[in-house]
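The values are calculated or read from the model by the stated rules, or taken from the named source; none is laboratory data. All values reported here derive from a predicted model rather than from experimental measurement. Backbone-built Cβ (ideal geometry, glycine too); neighbour counts: all protein chains shown. Accessible surface areas use protein heavy atoms only, side chains included; no ligands, DNA or RNA. Shrake-Rupley method; radii C 1.70, N 1.55, O 1.52, S 1.80 Å.
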Amino acid sequence: MKAIQVFEVLRKPLITEKGTALQAQGKYLFEVAAGANKAQVKEAVEKAFKVKVIGVNMMIVKGKVRRAGRGTTVTPDVKKAIVTLKSGDKIQLFEGV
């Protein structure tokens with residue numbers, strides 16, 4: 001199995017209503033690579049944003065069935081990570097959203 005590089009782990013930040021509510025608790029939401037584990041996500045966030053990560057929670061959101069006319073298709077599965085930072089640390093990417 002091919003190893004995932006540090007900066008290939010984080011796909012994009014997720015700006016959602018629930019995600020912005022979590023920011024008050026020092027938690028940030030990211031979409032991550034499907035093969036990434038908690039240690040890789042922690043290392044990637046610490047290197048990319050120069051913050052201290054306390055914990056990482058991960059989940060897989062299954063794709064939905066979509067219809068277009070008579071045909072159906074399935075959207076791809078997505079892996080998400082909720083990253084908890086040390087109190088006082090912030091990620092500037094999410095500020096002011």
ask   = When the dipole is taken about the Cα centre of the range 1-76, and only Lys, Arg (+1) and Asp, Glu (-1) are charged at their Cβ, what size is it in debye, to the nearest 20?
value = 300
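Taking Cα pairs under 8 Å and at least six residues apart, what relative contact order does the range 44-97 come out at, in percent?
Relative contact order of the range 44-97: 39 percent.
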request  = Report, in degrees rounded to the nearest 10, the 0 to 90 angle that the Cα long axis of helix 38-49 makes with the longest principal axis of the chain.
outcome  = 60
ask   = Per-residue ellipticity at 222 nm for the chain, helices alone: DSSP H runs ≥ 4 residues times -39500 (n - 2.57), over residue total, nearest 500 deg cm²/dmol?
value = -6000 deg cm²/dmol
inquiry  = Considering the Cα positions of the chain, please state its Rg to one decimal place and its Dmax as a whole number of Å.
reply    = 15.2, 53
inquiry  = Probe radius 1.4 Å, ligands and nucleic acids ignored: give me the carbon and sulfur share of the accessible area of the range 1-43 as a rounded percent.
reply    = 53
